[in-house]
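To start, the structure under review is shown below, and the notes come after it.
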Amino acid sequence: MRFGRTSKAVGVAAIAALALSACAESGGGEDPGTGGEGEASGGAVTVAEVNPFTSFNSDSATGNVDINSKVSYLTHQDFYYVNDALEVIRNEEFGTYEVTSEDPLTVAYTVNEGVAWSDGEPIDAGDLLLSWAVQSGYFDDENPDAETGTTYFAYAGATDGLGLTSLPEISEDGRTMTLEYSEPYADYEIAFGILDTPAHVVATGGGLADEDALVELIQTAPAGDPESPEDRPELQTVAEYWNTAFDTTTLPSDPALYLSSGPYVVQDMTPDQSMTLVRNEDYAWGPEPALDEITIRYIGDANAQVQALQNGEVDIVQPQASADTLASLEAIDGIQILEGEELSFDHIDLNYSGVFEDENVRRAFMYTIPRDSIVESVIGPLDPEAEPRNSQIFDIGTEGYDAAVPVNGSEEFAEPNIEEATRLLDGATPEVRIMYNADNPNRVDAYTLIAESAEQAGFTVVDGGLPGNEWGAALGGGTYDATIFGWVSPGVGVNGVPQLYGCDSASNFNGFCDEEAQAAMDELIVTIDPAEQQELSITVDTRLFETGYGLPLFQSIGINAADEAVQGLTFNPGLVGVWWNFWEWSVA
Amino acid sequence: MLTYIVRRLIAAVLILFGASFLVYILTAYSGDPLADLRQSNAPNREQLIQQRIDLLDLDVPPILRYFSWVSGAVRCVVPFALTCDLGNSVTGIEVTQLLGRAMGQTIMLVTAATILAIVIGITLGIVTALRQYSGLDYGVTFMAFLFFSLPVFWVAVLLKEFGAIGFNNFLSEPNISFFATMVCGLVAAFLFYLSTSGALKRRLLWAAIGFAFAFGLVWFLDLVGWFLTPGFGLIVVALLSVGIAYGVTLLTAGLKNRKALYSSLIVVAIGIVAYFAVQPLLDRGTLLMVVLLGIATVLVGLVVGYFMGGYDRRQNMTAAGLTAFLMGFLILLDRFMQAWPAYFNNNRVNGRPIATIGASTPNLEGDFWVRGLDTYTHLLLPTIALMLISLAGYSRYSRASMLEIMNQDYIRTARAKGLGERTVVMRHAFRNALIPLATLVAFDIGALIGGAIITEQVFAFSGMGQLFVQALGRQDLNPVMGVFLITGIVALVFNLVADLVYSVLDPRVRVKA
């Protein structure tokens, strides 16, 4: 083979270039290990999370994953947050909201001056209006039955609160928005919040000139009416951008997609592995965090989380709670374990039809339910001091719970009372089919204990357990007489109450319908005074026990653990879990 | 041949269609995608359910949904077609993007384990076959089956407990007690006893040598604080390299072939000079540079072998090339060890180098060597776990195959011709014994891409197995099918490759056109 001179020269040059490019640019090895925390003073922690991050828009249908909300909590400030006692705490350094009129209910939201996104753009009219437009579903005119119209923003939250408001007024400086409700709305405090998505980014990304154009668009586009759907092409592009543009597992090349308005800003992301957040230098409107850097690592396996904590790779873990996990955590020196009741609770509901149509039969059955034994066998291994939940509505540890329990009639069912049950049955032997998720060992345990106890009083219990993929669809289908399953309590707000216990409402599977309770709930959802709300909720709670609705069994236990050096952690049953007070964390 | 391949490929396409349909339908009916929402008491429960239905197209029956998926997926398989569309996951991320990343993670996790398992497994198999029914044979067989039957999640947890947490604790105060040193010595003595043959006296002598060697080594390493500042240094590199030169020559050409031996030794001499020459260059190391240097090293070996001449240049070149490569590897290892203190004291690592989760330390800054060590410390445990459980397959297959070959007529013929034992084993038996393993290796490389579900879970690697399992749990069909598609295609292709390779390797096997 012969090569021409040119090709030889090219070959030599190519090899030389390759060899040169094979050298690292800086003299490597000179300065390893001084990066990262170089200028750090407040320290850094690494937190293990179960799910990997997928979206900078945690309010959208696709981004509605717990980890996205937690990152949003770290990188966004809002008018309020929820503390570990499930109370709403206002953040007046960010902005204020006040009820300016109770009839009609009018709430004015004002963002403080100087509050801005991390690119310097202030949070004002556009952000307030966009947040309102998304959370109110104001423009949606979809009619699912007729298959006409459109749902613009695929918002994962509830629109029924802000859905009651009309197009809000914006003050001249753009920092105050006034919402007027067509009827009083009980949960008005948590109805509105600033979204993750900056309006100026959504505006330009959605094909508009700037934020002002978006303000203009929202103020002028016609309100949605499912009866007469209309096309809103401009809003459609904006909504599509909002729905999809913020979903990513890698750090976007455009920083506008991950702007921060809170204490931290995302610095680095390794897909499906980790994410690093550092201080947002501009932030000055809320509690100042002590830590300089927070790294989140995604570890799905509970045992892997525990061992990573033990090996010092992570400082805080939030594993799926189980007796094994707790045991292995307790075996580790130098860590703190935080335990508490989560917001999900198991309960047994009795149908108000069939064999349980008679209130006496229902109450007789309730008398047989051995709640102590169930708690002991299911969550005893996690928390030997755990007690049954004694309220259908209030969560353990809240003020309302303590007020409700002595008066709601739950005391009667504290211990199984077979004698009373036998007396009420009066020799009858009703056949009860209990439906539950047979793939969930906790539910199987509960069923076994309940069935055993009920049979002592004369009930004939039929095992109606269904596989994990079938039981959910069977809810409310009338194929059973009683069912054991779990609710996830929202923690804050009363709007969920009629959802479960209202006559014919969507999640009311057992056909409970009680005039007194219904009247209380009708009033509850239009009452904005917290004390009155509590009174009304207690009325509903009491009626649930009196009429033989069924019984709440227990709240699940959550476990967090952390290196002893990390201080300021408390257990929090709420949505953001241990993160709720991240600004108070410090490293000793 | 060509018609055979075409026929196989057409069959493969039909199989893919059939299998993907089955998998799709099975997955669709395997769970309730709305399960978590059904027990939600959120005020907007209906709306959330509707959103999920829209995202997953649940209002379309699975059979029809399959066809809409296939219409997008087909474009990925047909070459020169339109853009590939495997759909989005339920979190709005493109499946093609998810697959690309998951494949990278999986390949990183499994490659080293598979290569090591193949090399070590086959070596063990051959050695035990040559020493059939010896203590060594029984020992290896026992260990192989023991590891084979251990559940991987349990092995992984133990490895983390002792290999990572325990070892890191040890590193914070690296003092080896006299007792531990004794145990190391005794274990070595036992291993030496098992692996030698002959009269009891001879074996005991070897055991004593083994004991002295291990005891001395551990004591010495402890004394010089080697665990915190590891390294070979020139002397050890040189000594090991001379050993390698002799070993490689023994296996490839026989020590009687002086030309081969001298080429290997010359390469070692060049290597010792090069050790000094490349150090400043290595300080600026990159992956590309290491690869180029590796190629250059092998070339030097080949050239030396070529110019030594003699009656069989090829033997010289093989011996010298292999020696050069292995010595280069030693020098590389030595350079990595030099970077160890920098890695160990990095404030992201903080004196606890061996990791239990993930593929890298987040926010680690450092040069090529530090990052290389970081990958090493993260891959070490999963690689060991995966390797241990797959050793058995390879060692048993290669042992059986070798035993069969050693009883063949042509081996007797070779011996009758007066060939040396080395030539008989290495030339006539070993090569032929590898033929049946070609199928196994091809399958295993195919299976690489499929991921190791449990290992990935335990070591928090987000590879193909995790992608599959998590999507399955959420009833998110697109990623499930994406993983299936890749695994299915790779399995079919490697099946075909195995058959073709077999016919190339073994002239007695012919594919029917």
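The values are calculated or read from the model by the stated rules, or taken from the named source; none is laboratory data. Keep in mind the model is a prediction, meaning the values are calculated, not measured. Cβ coordinates were reconstructed from backbone atoms using ideal geometry, including for glycine residues, and neighbour counts include every protein chain displayed. Heads up: the accessible areas ignore ligands, DNA and RNA and are worked out on the full protein's heavy atoms, side chains in. Shrake-Rupley method; radii C 1.70, N 1.55, O 1.52, S 1.80 Å.
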Binned Cα-Cα distance frequencies in the range A:425-500 - 10 Å width, integer %:
18, 40, 29, 12, 1
In whole Å, what are the extents of the range B:165-241 along the principal axes defined by its C-alpha atoms, from largest to smallest?
44, 31, 19
Working from the alpha-carbon coordinates of the range B:113-152, get Rg over Rh, Rh being the Kirkwood radius.
1.01
Which three numbers, in whole Å and largest first, are the semi-axes of the equivalent ellipsoid of the range A:73-208 derived from its Cα gyration tensor as √(5λ)?
23, 20, 15
log₁₀ I(q)/I(0) of the range B:423-513 at q = 0.11, 0.21 Å⁻¹, via Debye over equal Cα point scatterers, no solvent, to two decimals?
-0.47, -0.96
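State the extension gain, in nm to one decimal, for the chain segment bounded by A:Asn112 and A:Ser353, taking 0.36 nm per residue of separation less the distance between their alpha-carbons.
On the way: separation 241, 0.36 × 241 = 86.76 nm, distance 5.53 nm.
Contour length minus the Cα-Cα distance gives 81.2 nm.
Hey, any idea what % of chain B's accessible area is carbon plus sulfur with a 1.4 Å probe?
Values: 18270 of 25380 Å².
C and S fraction of accessible area: 72 percent.
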Under 25 °C and 0.890 mPa s, how fast does the range B:50-113 diffuse according to Stokes-Einstein, given a Kirkwood radius computed over C-alpha pairs? Answer in µm²/s, whole number.
179 µm²/s
Just tell me the longest site-free run in chain B, where the sites are chymotrypsin sites (Phe, Trp or Tyr not before Pro) in a DSSP loop having at most 13 other beta-carbon atoms within 10 Å.
B:312-513
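Using only the C-alpha atoms of the protein assembly as shown, find the volume of their convex hull and express it per residue in Å³. If you can, show how the numbers build up before the last one.
On the way: hull volume 253.0 nm³, N = 1101.
Normalising the Cα hull of the protein assembly as shown by residue number yields 230 Å³.
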Debye-sum result for the range A:100-147 in log10 I(q)/I(0), which assumes one identical scatterer on each alpha carbon, at q = 0.28 Å⁻¹
-1.06
Toy charge model, Lys and Arg Cβ at +1, Asp and Glu Cβ at -1: the range A:469-562 dipole around Cα centroid in debye, rounded to 20, equals 460 debye
Which whole number in µm²/s is D for the range B:361-489 by Stokes-Einstein, with the Kirkwood Rh taken over Cα pairs at 4 °C and 1.567 mPa s?
70 µm²/s
Going by a ≥ b ≥ c, the root eigenvalues of the Cα gyration tensor, does the range B:184-289 fall in the rounded group (a/c under 1.5), the prolate group (a/b larger than b/c) or the oblate group?
oblate
Counting just the Cα atoms, what span does the range A:172-277 cover along each of its three principal axes? Round to the nearest Å and put the largest first.
46, 34, 31
Using only Cα atoms, figure out Rg for the range A:131-205 and give it as a multiple of 2.2 N^0.38 Å.
1.20
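Mind checking the range B:318-426 for trypsin sites (Lys or Arg not before Pro) that DSSP puts in a loop (not H, G, I, E or B) and that have at most 11 other Cβ atoms within 10 Å? Please list the in-between numbers first.
On the way: sites: B:Arg335, B:Arg348, B:Arg371, B:Arg396, B:Arg399, B:Arg412, B:Arg415, B:Lys417, B:Arg422; in loops: B:Arg348, B:Lys417.
Qualifying residues, ordered by number: B:Lys417.
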For the pairing of chain B with chain A, what total accessible surface becomes buried, with a 1.4 angstrom probe, in square angstrom to the nearest 100?
5100 Å²
Could you tell me, in Å, what Rg and Dmax come out for the Cα atoms of the range B:265-331?
12.3, 42
Distance between modelled label sites at A:Glu172 and B:Leu158, nm, 7 Å Cα→Cβ extension:
7.9 nm
List for the range A:491-529: residues with 30 Å² or greater reduction in accessible area, all protein chains versus chain alone, probe 1.4 Å?
A:Gln499, A:Ala506
Give the residue from A:Val47, A:Pro229, A:Gly262 lying farthest towards the positive end of the charge dipole for chain A; charges sit on Cβ (+1 for Lys and Arg, -1 for Asp and Glu) and the dipole is referred to the Cα centre.
A:Val47
Quote to one decimal, in nm, the extra length available between B:Phe227 and B:Thr83 on full extension: 0.36 nm per residue of separation minus the C-alpha distance between them.
46.6 nm
Restricting to Cα pairs below 8 Å that are 6+ residues apart, what does the relative contact order work out to for chain B? Please round to a whole percent.
25 percent
For a Förster distance of 22 Å, can you work out the FRET efficiency between the beta-carbons of B:Ile10 and B:Arg75, rounded to the nearest 0.05?
0.70
Cα pairs beyond 23 Å in the range A:435-580, in percent, come to 52 percent
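Mean residue ellipticity at 222 nm from the helices of chain A, using -39,500 (n - 2.57) per DSSP H segment of n ≥ 4 over the full residue count, to the nearest 500 deg cm²/dmol? Mind showing how you got there, number by number?
Details: 17 runs with 170 residues, N = 588.
Rounded to the nearest 500, it is -8500 deg cm²/dmol.
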Placing +1 on each Lys and Arg Cβ and -1 on each Asp and Glu Cβ in the range A:262-375, then taking the dipole about the Cα centre, the residue among A:Gly286, A:Ile335, A:Ala321 whose Cα reaches farthest towards the positive end is A:Ala321
For the range A:225-367, alpha-carbon Rg and Dmax in angstrom
24.6, 66
For the range B:293-320 and the range B:1-36, write down the distance between their C-alpha centroids in whole Å.
49 Å
Extent along principal axes [Cα atoms of the range B:46-185; Å; largest to smallest]:
68, 43, 28
Relative contact order [Cα under 8 Å, 6+ residues apart], the range B:418-502, whole percent:
36 percent
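Note down the Stokes-Einstein diffusion coefficient of chain A in µm²/s, whole number, using a Kirkwood radius over alpha carbon pairs, 4 °C, and 1.567 mPa s.
Working: Rh = 27.0 Å.
It comes out at roughly 48 µm²/s.
So how much slack lies between A:Gln456 and A:Asp426, counting 0.36 nm per residue of separation and subtracting their Cα-Cα distance, in nm? Spell out each step's value before the answer.
Working: separation 30, 0.36 × 30 = 10.80 nm, distance 1.33 nm.
Extra length from A:Gln456 to A:Asp426 when fully extended: 9.5 nm.
Calculate, in whole percent, how much of the Cα-Cα pair population of the range B:343-397 lies beyond 19 Å. Working shown, then result.
Values: 537 of 1485 pairs.
Distances greater than 19 Å cover 36 percent of the Cα pairs.
In units of 2.2 N^0.38 Å, what is the alpha-carbon radius of gyration of the range A:283-438?
On the way: Rg = 22.0 Å, N = 156, 2.2 N^0.38 = 15.0 Å.
After normalising by residue count via 2.2 N^0.38 Å, the value is 1.47.
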Over its alpha-carbon atoms, the range B:249-361 yields an Rg and a Dmax in Å of 17.9, 58
Orphan Cys of chain B, criterion: no other Cys C-beta under 4.7 Å:
B:Cys184
Give the residue from B:Met406, B:Phe227, A:Pro490 lying farthest towards the positive end of the charge dipole for the protein assembly as shown; charges sit on Cβ (+1 for Lys and Arg, -1 for Asp and Glu) and the dipole is referred to the Cα centre.
B:Met406
What is the range A:211-321's relative contact order, in percent, from Cα pairs under 8 angstrom and six or more apart in sequence?
14 percent
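Tell me, what is the Rg over Rh of chain B, with Rh the Kirkwood radius over Cα pairs? Please report the intermediate quantities before stating the final value.
Working: Rg = 27.2 Å, Rh = 26.9 Å.
Rg/Rh for chain B comes to 1.01.
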Accessible area expressed per residue, chain A, with surrounding protein chains retained (probe 1.4 Å, Å²)
40 Å²
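Percentage of Cα-Cα pair distances in the range A:454-538 greater than 22 Å, rounded to whole percent? Walk me through the numbers on the way to the answer.
Working: 1526 of 3570 pairs.
More than 22 Å apart: 43 percent of the Cα pairs in the range A:454-538.
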